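Trainee: Quick one: this structure, given as structure tokens, is what I'll be asking you about.
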Amino acid sequence: MELHFEDFALTVRAGDLDVPYGLSDEALFLSVRSHLAGLLGFRGTEIFCFGPAPDNTADGQDALLENGVFYRIIAYGKNLGIDGQSTAQEILEGYRFLVENFEPRWASVFIEEGLEKREVTIELMYQEAF
């Protein structure tokens, strides 16, 4: 099966990251950049989700939430040098290159909570064509 979408979204667990709340887009990105680049460069990093960019509409729905802190990076496949046939390592390397060399158009922290679960996602959006 071949993927046919322009935007790719990569989601990885951020581990025990102390989430920097209340920062501007640029300050948020700069505060997590080295941690995120390190995760993307670590051979043991597991891709939690990869595919079309999801919407953040799981608030209040425990069945759709995952406990923890995540990074989600949304970018054009052509900027990443990947496609639907790329290996996990190629995907991680493409995103790492992007994070190390470019600032996102915007960065935000999304918090979604259910009765039993709390999901925090630091999202970076790269929309420019490089």
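The values are calculated or read from the model by the stated rules, or taken from the named source; none is laboratory data. For clarity, every value in this text was computed on a predicted model and none was experimentally measured. Glycine also receives a Cβ, built like all others from the backbone with ideal geometry; neighbour counts cover every protein chain displayed.
Trainee: Among the residues of the range 94-130, write down those that are farther than 21 Å from residue 15 by Cα and of a type in the set (Phe, Trp, Tyr).
Mentor: 102, 106, 126, 130
Trainee: Can you tell me which residue among 116, 123, 100 is touching a Phe, Trp or Tyr at 6+ places or on another chain (Cβ under 9 Å) and under 24 Å from residue 16 (Cβ atoms)?
Mentor: Values: 116 fails: touching a Phe, Trp or Tyr at 6+ places or on another chain (Cβ under 9 Å); 100 fails: touching a Phe, Trp or Tyr at 6+ places or on another chain (Cβ under 9 Å).
None of the others qualify; the one that does is 123.
Trainee: Within the range 21-34, which residues are in contact (Cβ under 8 Å) with a residue 24 or more places away in the chain and either part of a helix (DSSP H, G or I) or surrounded by 13 or more Cβ atoms within 10 Å (Cβ to Cβ) (or both)? Can you show your working first?
Mentor: Restricting attention to the range 21-34, the residues satisfying the condition of being in contact (Cβ under 8 Å) with a residue 24 or more places away in the chain are 21, 25-26, 28-29, 32-33.
Of everything in the range 21-34, those that are in contact (Cβ under 8 Å) with a residue 24 or more places away in the chain and either part of a helix (DSSP H, G or I) or surrounded by 13 or more Cβ atoms within 10 Å (Cβ to Cβ) (or both) turn out to be 25, 26, 28, 29, 32, 33.
Trainee: Right, next: Where residues in the range 90-103 are touching a residue at least 60 places away in the same chain (Cβ under 8 Å) and under 17 Å from residue 31 (Cβ atoms), which of them is surrounded by the most Cβ atoms within 10 Å (Cβ to Cβ)?
Mentor: Among residues in the range 90-103 that are touching a residue at least 60 places away in the same chain (Cβ under 8 Å) and under 17 Å from residue 31 (Cβ atoms), the one surrounded by the most Cβ atoms within 10 Å (Cβ to Cβ) is 99.
Trainee: Let me ask you something else. With respect to the numbered conditions (1) assigned to a strand (DSSP E or B); (2) under 14 Å from residue 17 (Cβ atoms), which one is the sole condition not fulfilled by residue 45?
Mentor: Checking residue 45 against (1) assigned to a strand (DSSP E or B); (2) under 14 Å from residue 17 (Cβ atoms), the one that fails is (1).
Trainee: A further question follows. Please count how many residues of the range 63-89 are of a type in the set (D, E, K, R) and either closer than 14 Å to residue 36 by Cβ or surrounded by fewer than 14 Cβ atoms within 10 Å (Cβ to Cβ) (or both). Explain how you work it out, then say what you get.
Mentor: Step one: of the range 63-89, the residues of a type in the set (D, E, K, R) are 66, 72, 78, 83.
Subsequent filtering for residues that are either closer than 14 Å to residue 36 by Cβ or surrounded by fewer than 14 Cβ atoms within 10 Å (Cβ to Cβ) (or both) retains 72, 78.
So the answer is 2.
Trainee: For the range 12-71, name all the residues that are closer than 17 Å to residue 107 by Cβ, among the hydroxyl-bearing types (Ser, Thr, Tyr) and touching a helix residue (DSSP H, G or I) at 6+ places or on another chain (Cβ under 7 Å).
Mentor: 71
Trainee: Condition first: closer than 25 Å to residue 27 by Cβ and in a helix (DSSP H, G or I). Can you find one or more residues in the range 59-79 that meet it?
Mentor: yes
Trainee: Filter the range 104-130 down to the residues that are in a loop (DSSP other than H, G, I, E, B), surrounded by fewer than 16 Cβ atoms within 10 Å (Cβ to Cβ) and not small (Gly, Ala, Ser), then identify the one that is modelled with the lowest pLDDT.
Mentor: 130
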